[in-house]
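Below: one structure, written as structure tokens.
The values are calculated or read from the model by the stated rules, or taken from the named source; none is laboratory data. Because the structure is a prediction, the values reported are computed rather than measured. FYI the Cβ positions are ideal-geometry reconstructions off the backbone, even for glycines, and counts take in every protein chain you see. We work out accessible area using only protein heavy atoms, side chains counted, and drop any ligands, DNA or RNA first. Shrake-Rupley method; radii C 1.70, N 1.55, O 1.52, S 1.80 Å.
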Amino acid sequence: MKQRISAVIGIVLVAALNLLPCVPALAQNPPAATTSPETTAQAAAPAAAAATGTWVAAPAWLNPGNNAWQLAAATFVALQSIPGLMILYAGLVKRKWAINSAFMVMYAFASVLVVWVLWAYNMSFGPKWFPFLGQPGPATSAGFELSQATIPEAASGMPDLTFPMATMTYFQFVFAAITVIILGGSVLGRMSFKAWVLFCPLWMTFIYTIGCFSIWGGGWLAQAGAVDFSGGYVIHLAAGVSGFVAAWVVGPRLQADRDHFPPNNLLIALAGAGILWLGWNGFNGGDPYFANADAAGAVLNTNICTAVALLTWTTLDSMVYGKPSIVGAINGMIAGLVGITPAAGYVNGWGAIIIGLCAGIIPWLSMNKLQKTAFMSKVDDTLGVLSTHGVAGLMGGLLTGVLADPAMLVYLGTGSNAPGASTTGWAYGNFKQFGLQLEAAVFIIVVNAIGTYVLLKILSFFVSLRMDDATLQVGDTAAHGEEAYSPH
Amino acid sequence: MDAMPAVTRLLPIALIVVALGALAHPDPVDAETMTLRCTNPFSGTTWDVAIDHGRRTADSFPADITDKTIKWHDATRGGHYEFDRTSGELTVIYASSTGGVFLRDNCRLVPAAS
């Protein structure tokens, strides 16, 4: 009976979400006035050729190099989720949860894409509805997909974009998807799949969009001057905080699983980690939206920071536990990748090294000391997402406010915009930036902590958030009728 | 002594005093309208912003004008402007896809006509 009620409620929720786009303006067309690709293409065609008929590959505003890089960067980030995090999670968890963990990633990726194009993209990057949220609306029409990309509320601080809205929508989708997937790392090994099915689209709709619009969509934090180059706050701090709250509300794994949870396949986990590292070249390198010098700087800084953090974490493991651990190295790598994310295109190479050192130490302390205190260990954060993503993202965001080098120009500027778009940190004389970063962090933490808590509590009225103990004992076979490794 | 002649003698003096006072203090309407002349320190580009103290606007946009700062938001092109009267620094914040973008220029208030 409860299953039927849950199913009905699920259908109602999905139907309600589908109605949401109808509430405010239906943003089927691009928000800012842009020239239609057809018109531009016609204008670009030589008049003489037009008389005899010809084809033009792309409208005049489209730069093939920038479009190619943006699509490639988006694909790199997508690969971080599937198969990157899919096999990283599947390899790191206990054998009986490999399928469930991988499936949670795959489901999240698919469900977020549907929500994203139907309403959430425009809630995150569309015209302003509230200072912290854009107007919901679909991103599906031909006119929308093929028009020149723009973020209407954030257009004043960047050059005109040279790729289509379809590229923009997909690029931003892969970030949205990986956020929920990272969050899922906190609840592996016990969250009900049915609850996960409902949670992903709802969290995307009501929580992610707020932080995203506020910082990236031209919302109030961007207008105030807070920065987040690639998602230290929008993605990692949000996922870390929401994941920790979700782990608390859902409840812990079986005690036997908490006591004994050996990775079932470290080589698979390492393959996932490698995809994650190199995929980050697209994660951070794609955010200038141009294949420009700052994109290259962001890629190099990302790798510098990651290497330093991995080495620092491994050194600490060796000093404290007597031997280096490959799981520790993966955590150090992730902390480095996350730590540099809000800063990648704003700091120079020295800044990246400093952030790498901090990312190897502070999240290590958080995971190995703070999360092991009696109070914190009451919350079963399966993969330590709070430390490797939440703490690392927060640390990176604050350090951006300190180490941002004004000579790292994201875009060049002329005239009154000279020398270009950049951010100046405390170390370069601008204390105010640190304050702005702190303000943004508090907002993201509060929105995610309260929002996720309320969302899960409401969901718990309709569906059990945690699998029953019998299913938890068995694992994948009970939950999905499948298992990762054939016994035969 | 007759009082009327004294008034007659004092009247021209009073008029002169009033006239001098008026010359010393420009027309209040003119004083309320000033120009913020700005220079970008990197490119040397200069431009003007019309400040109207009476209407409390900057380039026709509503402005928050105090003894220390003049702040306004350009609703057409985007951008939040803050002029520090003490340092002469104009800070411009634009929103971008990675958050805020800062630009800093040097400005000074000059009479509107100059």
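Here residue B:39 clears all of (1) over 18 Å from residue A:417 (Cα atoms); (2) among the polar types (S, T, N, Q); (3) at pLDDT 95 or above; (4) more than 11 Å from the chain's Cα centre (by Cα) except the condition numbered (1).
Scanning the stretch B:60-80 for residues that are surrounded by fewer than 16 Cβ atoms within 10 Å (Cβ to Cβ) and on the phi > 0 side of the Ramachandran plot yields a single hit, B:60.
Of the residues A:296, A:269, the single one that is surrounded by fewer than 23 Cβ atoms within 10 Å (Cβ to Cβ), under 22 Å from the mean Cα position of the chain (by Cα) and free of Cβ contacts under 8 Å to residues at least 12 places away in the same chain is A:296. When the residues of the stretch A:130-149 are filtered to those that are in contact with a Phe, Trp or Tyr (Cβ under 7 Å, 6 or more places away or on another chain) and over 21 Å from residue A:221 (Cα atoms), which remaining residue is farthest from the other protein chains (Cβ to nearest Cβ)? Among them, the one singled out is A:138. Taken together, A:99, A:82 contain a single residue that is aliphatic (A, V, I, L, M) and touching a Ser or Thr at 6+ places or on another chain (Cβ under 9 Å), which is A:99. Count of the stretch B:81-100 residues, restricted to those that are open to solvent by less than 10 Å² (accessible area, probe 1.4 Å) and part of a strand (DSSP E or B), is 7. Checking each residue in the stretch A:180-189 for being buried (at least 24 other Cβ atoms within 10 Å of the Cβ) and not hydroxyl-bearing (Ser, Thr, Tyr) picks out A:180, A:181, A:182, A:183, A:184, A:185, A:187, A:188.
Considered as a group, the residues in the stretch A:361-387 that are of a type in the set (S, T, N, Q) and under 20 Å from residue A:319 (Cβ atoms) include one that is surrounded by the most Cβ atoms within 10 Å (Cβ to Cβ), and that residue is A:387.
Quick grid of which residues meet (1) open to solvent by less than 60 Å² (accessible area, probe 1.4 Å); (2) aromatic (Phe, Trp, Tyr); (3) at pLDDT 95 or above:
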residue	(1), (2), (3)
A:48	no, no, no
A:62	yes, no, yes
A:65	yes, no, yes
A:71	no, no, yes
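Hey, does the stretch A:243-256 have a residue that's within 14 Å of chain B (Cβ to nearest Cβ) and aliphatic (A, V, I, L, M)? No, there is no match, as no residue in the stretch A:243-256 is within 14 Å of chain B (Cβ to nearest Cβ) and aliphatic (A, V, I, L, M). The residue that is farthest from residue A:228 (Cα to Cα), counting only those in the stretch A:310-351 that are part of a loop (DSSP other than H, G, I, E, B) and of a type in the set (Ser, Thr, Tyr), is A:325.
Flag not set for residue A:398, criterion: outside any helix (DSSP H, G or I) and in contact (Cβ under 8 Å) with a residue 40 or more places away in the chain.
Consider residue A:239 carefully, then state whether it is more than 14 Å from every other protein chain (Cβ to nearest Cβ), within 21 Å of residue A:343 (Cβ to Cβ) and either open to solvent by less than 10 Å² (accessible area, probe 1.4 Å) or out of contact with any helix residue (DSSP H, G or I) (no Cβ under 8 Å at 6 or more places or on another chain) (or both). Yes.
Taking the criterion of being closer than 26 Å to residue A:221 by Cβ and either in contact with an Asp or Glu (Cβ under 7 Å, 6 or more places away or on another chain) or open to solvent by less than 30 Å² (accessible area, probe 1.4 Å) (or both), the residues of the stretch A:450-488 that qualify are A:451, A:452, A:455, A:456.
Only residues that are touching a Leu at 6+ places or on another chain (Cβ under 9 Å) and either open to solvent by less than 10 Å² (accessible area, probe 1.4 Å) or of a type in the set (Lys, Arg) (or both) were counted in the stretch A:120-136, giving 3. Of the residues A:407, A:421, the single one that is surrounded by fewer than 19 Cβ atoms within 10 Å (Cβ to Cβ) and outside any helix (DSSP H, G or I) is A:407. Does any residue of the stretch A:333-353 turn out to be out of contact with any Lys or Arg (no Cβ under 7 Å at 6 or more places or on another chain), aromatic (Phe, Trp, Tyr) and surrounded by fewer than 24 Cβ atoms within 10 Å (Cβ to Cβ)? Within the stretch A:333-353 (the criterion being out of contact with any Lys or Arg (no Cβ under 7 Å at 6 or more places or on another chain), aromatic (Phe, Trp, Tyr) and surrounded by fewer than 24 Cβ atoms within 10 Å (Cβ to Cβ)), the answer is yes, since at least one residue qualifies.
Screening the stretch A:191-256 for helices (runs of 4 or more DSSP H) wholly inside it with 2 or more residues that are closer than 30 Å to residue A:421 by Cα returns the ranges A:209-215, A:220-224, A:238-250. Looking at A:183, A:161, A:188 in this structure, which one is out of contact with any Lys or Arg (no Cβ under 6 Å at 6 or more places or on another chain) and part of a helix (DSSP H, G or I)? Of the residues listed, the single one that is out of contact with any Lys or Arg (no Cβ under 6 Å at 6 or more places or on another chain) and part of a helix (DSSP H, G or I) is A:183. Within the stretch A:433-473, which residues are of a type in the set (D, E, K, R) and more than 14 Å from chain B (Cβ to nearest Cβ)? Once the filter is applied, which keeps residues that are of a type in the set (D, E, K, R) and more than 14 Å from chain B (Cβ to nearest Cβ), the stretch A:433-473 yields A:457, A:466, A:468, A:469.
Yes/no per residue for (1) at pLDDT 95 or above; (2) within 14 Å of chain B (Cβ to nearest Cβ); (3) surrounded by 22 or more Cβ atoms within 10 Å (Cβ to Cβ):
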| residue | (1), (2), (3) |
| --- | --- |
| A:151 | yes, yes, yes |
| A:163 | yes, yes, yes |
| A:174 | yes, no, yes |
| A:178 | yes, no, yes |
| A:193 | yes, no, no |
| A:197 | yes, no, no |
| A:212 | yes, yes, yes |
| A:215 | yes, yes, yes |
| A:223 | yes, yes, yes |
